[in-house]
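Quick notes on the structure that follows.
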Amino acid sequence: MGAYEALAVSYDRLTNDVDYEAVVDFYRLILEREGLSPRTAVDLACGTGSVTVLLARQGLDVTGVDLSEEMLTVAAQKAQSLPRMPRFVCQNLRELTLPRGVDLAVCALDSLDYITDPADCARAITRVYRALNPGGIFIFDVNTPQKLRAMDGQVFLDEDEDVYCVWRGEFDETSNICSYGMDLFQRRGELWQRSFEEHREYAYSQEQLTDFLKRAGFTGIRVYGDRTFAPPGPGEQRMYFQARKGRVKPFSGKK
């Protein structure tokens, strides 16, 4: 089964420890430091739409993009009570095409790592560059190679009263890919349904991603540790990147 097909309906339960508000707050701090007040945004690999909803609540006109129809279905249900309903689009980031440019592009929770071919990742970053308005900003995070290598041989367990999930990690030094098989048990009335998914993440280095951004045309590239404005340090688990398109000038007008 493909990644996130069975997981979609249980994803939020299994990731209830993820502080999405802190992630979006860090975006806000970056925007403040850059003197930007974006009006439009795209949430790339938006999943169940947690970041999309938070951005929309801040008054942005948001589009959520994801490859999983199942995840987008959950996202649309989550966002339906918002005064300004985000648009949700099923697209591969390598083929990202928006009807109009946006001021802000974000990609949260190591989603770019799921593009396991570096050439495809570079292509996706180029598509993001094209989707941004002049002066627009791209903010994303990835798992560090150290974190992904450390997952080799590790077993993780997530559960609640209706879901039981076992993850088994394996890192291949030749392919530079961390694979984790997931056995998922979901309660269906009096019975339990078992499914299996495999997730794969490429261990991109800071240098690789910086090169992809530069080749796409981005400028003003900065790399931080996990929701901090300090550079990534030894043992860092997550890196944040920000990059600008063209002129580095605040957006004009009101939201």
5 angstrom amide H check on Leu132, placed H, neighbours 5+ away: Val102
Positive dipole terminus of the stretch 1-121, leading residue within Val23, Thr52, Ser81 (C-beta point charges): Ser81
Crossing angle, helix 20-34 versus the chain [Cα axis fit, 0-90 degrees, rounded to tens]: 20
Calculated from backbone phi, Karplus (6.51, -1.76, 1.60) coupling profile of the stretch 43-60 in Hz, x at Gly/Pro: 9, 7, 6, 6, x, 7, x, 4, 5, 4, 5, 5, 5, 5, 5, 7, x, 7
Tensor-based shape of the stretch 35-146 (alpha-carbon gyration tensor, a/c under 1.5 rounded, otherwise prolate or oblate): oblate
For Asp162, distant residues with modelled amide H under 5 Å away: none
Hz values of 3J(HN,Hα) by residue in the stretch 170-185 - Karplus curve (6.51, -1.76, 1.60), Gly and Pro given as x: 8, 10, 9, 5, 5, 8, 6, 10, 9, 10, 9, x, 10, 8, 10, 10
Given charges at beta-carbon only (K, R positive; D, E negative), |dipole| of the stretch 106-210 in Debye: 480
Global form of the chain, assessed from the alpha-carbon gyration tensor, a/c cut-off 1.5: oblate
Per residue accessible area of the chain, 1.4 Å probe, in Å²: 48
Beta bridges per DSSP with both ends in the chain, % antiparallel, nearest 5: 70
Sequence-distant residues sharing a close amide H with Leu67 (under 5 Å, placed H): Gln91
Distance from the stretch 1-65 to the stretch 106-179 (C-alpha centre basis), Å: 15
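The values are calculated or read from the model by the stated rules, or taken from the named source; none is laboratory data. Note that the structure is predicted; figures quoted are calculated from it, not measured. Neighbour counts are summed over all protein chains in view; Cβ atoms, including those assigned to glycine, are modelled from backbone coordinates with ideal geometry. Surface areas here come from the heavy atoms of the whole protein model, side chains and all, with no ligands, DNA or RNA. Shrake-Rupley method; radii C 1.70, N 1.55, O 1.52, S 1.80 Å.
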